[in-house]
C-alpha cells in the first residue's frame, strides 16, 4: 500500500501507469495530495508561464455536484480527492496554450499518483463547452480561468491484472509522412 | 551517460526533469528513440483512442527546414533526433481532443528521455497556425493530421546546475475558487 515506501523506476512507471477507477473509499494523506499537485507544477509550460491553478475537492457535496454534470465521473463516489486542473488565460503564453500546459501538468499528476501507489484517472473537461461551463459554475471560477481536467485520486480497490500492449510500430514514420 | 544503466525513481524523475537545449551532437541509439516513442504511446487518451502519430527526424536537411520555420528551434542543430508528435482528427474522441492527448504523450516522452539520461525539450507547434501549416508542409502531412509538438532529443552537453523551486502554494484552492 502507498505508505509502505513504494519505489518505482521512472521509465517503468510511465509504462505501467493505468487509469484506475475503483477505490477503497479510504482517505489519502493531505501531504500526498500536495505532492501530486507539486508534480503538476513541475511540468514544462510554454515560456515557463505556468498558467495553472489547482482546486482540490474533498467536500462530498461538491463531488456530488460534479457527478451530476460530468457523465463519466461515477468513480468520484469512492475517490479520496479530486483535483481540478485549471488554466489561466491571463498567464498563458498566447491563446490556447494553457490547454497544452495543463495537459502536461495533468499527466505529471497521474504519474505522481502512480509513484505513490495510488490510483488515478483523468476526467476530460476541455474541450467540451458544456462541461467547462458546468464545472466553472460549481467552483465559481473567474472568467479568465477554465477547467481542463479533473484528476480523480484514491487508494486502489484493485489493480488491473494485465498490462495492455500499446506500442504500435505503424504509428512511427521517418523524416516525412 | 545514458548507456550506463541510469536508474531514477518515478517521482524524483518528474521533479528533476528540465528542458535541455544543449547537446553534444552525438547520435542516440535508435532503440532508445523507439523506447521514447513507446512511452508516448502509453499516455492516456480520451476513450483510449490514441489519436497520435510520430515522425522521427534525423535527416539534417529536414531538421534545417524546421529551423527555418520555427523561431525557437536553434537547438536542433546539435540534436540527435527530433520527434514530431502529431494528432489525427479521424481518430480522436471529438474535435479538439487530440491536442490534449498528444500533450500527455509529449510529456511522457520528455520524462522517458530523462529516464535514459538524455536531454529533451518540447518545441511548441500547436496552437500557432503558422507553425502548424509550415511543419505540416515540410513533413507532407495529410489534412486530417496536425503537428502538436516537436520533441528535440540529444545527449546533454551540460546538465542544469540547479533545480528551480516551482511549487507555489498560492495556486492551490480548496473546494471552490
Task: the stretch A:21-157: C-alpha pair distances exceeding 25 Å, % - done: 20 percent
- [ ] Between the alpha-carbon centers of the stretch B:26-78 and the stretch A:159-177, tell me the distance in whole angstrom.
- [x] 14 Å
TODO: Determine, at each q value in 0.09, 0.11, 0.13 (inverse angstroms), the log₁₀ of I(q)/I(0) that the Debye formula gives when each Cα of the protein assembly as shown is one equal point scatterer.
DONE: -0.45, -0.68, -0.96
Open item on the list: What does the copy distance list look like for residue B:31, label position 7 Å along Cα→Cβ, in nm and ordered from shortest?
Closed with: 4.1
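By average Cβ neighbour count within 10 Å, what is the ranking of A:135-147, B:158-170 from highest down? List each step's numbers first, then the result.
Values: A:135-147: 17.8, B:158-170: 10.1.
Highest mean packing first, the order is A:135-147, B:158-170.
Take every Cα pair under 8 Å in the stretch A:29-127 that's 6+ residues apart, average their separations, divide by the length, and report that relative contact order as a whole percent.
Details: 117 pairs, mean separation 37.1, N = 99.
Relative CO of the stretch A:29-127 lands at 38 percent.
Taking other Cβ within 10 Å of each residue's Cβ, how do A:98, A:11 sort, fewest first?
Details: A:98 30, A:11 24.
Result, fewest neighbours first: A:11, A:98.
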Open item on the list: Give me the one-decimal nm value for the distance between modelled label points at residue B:31 and residue B:68, 7 Å along each residue's Cα-to-Cβ direction.
Closed with: 3.7 nm
Open item on the list: Defining the label point at 7 Å along Cα→Cβ, can you sort the distances from residue A:132 to the same site in each other copy, shortest first, in nm?
Closed with: 1.4
TODO: At 7 Å along the Cα-to-beta-carbon direction for both residue A:60 and residue A:157, put a label point, then send me their distance in nm to one decimal.
DONE: 1.5 nm
Task: Peptide A:124-134 - average C-beta neighbours from other chains (10 Å radius) - done: 3
Task: Calculated label separations, residue A:47, copies of the chain, 7 Å along the beta-carbon direction, nm - done: 3.6
Open item on the list: What FRET efficiency comes out for residue A:48 versus residue B:133 if R0 is 35 angstrom and r is the Cβ-Cβ distance? Round to the nearest 0.05.
Closed with: 0.85
Open item on the list: Based on Cα coordinates alone, diagonalise the gyration tensor for the stretch B:52-124, multiply each eigenvalue by 5, take square roots, and list the semi-axes in whole Å, largest first.
Closed with: 23, 16, 10
Task: Relative contact order [Cα under 8 Å, 6+ residues apart], chain A, whole percent - done: 33 percent
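For a quick check: sort B:102, B:86 by the number of other beta carbons within 10 angstrom, fewest at the front. Kindly include the intermediate steps, with their values, before the conclusion.
Values: B:102 30, B:86 27.
Exposure proxy ranking, most exposed first: B:86, B:102.
Every number here is computed from the coordinates shown, using simple stated rules; none is lab data. Source: prediction; values computed, not measured. Cβ coordinates were reconstructed from backbone atoms using ideal geometry, including for glycine residues, and neighbour counts include every protein chain displayed.
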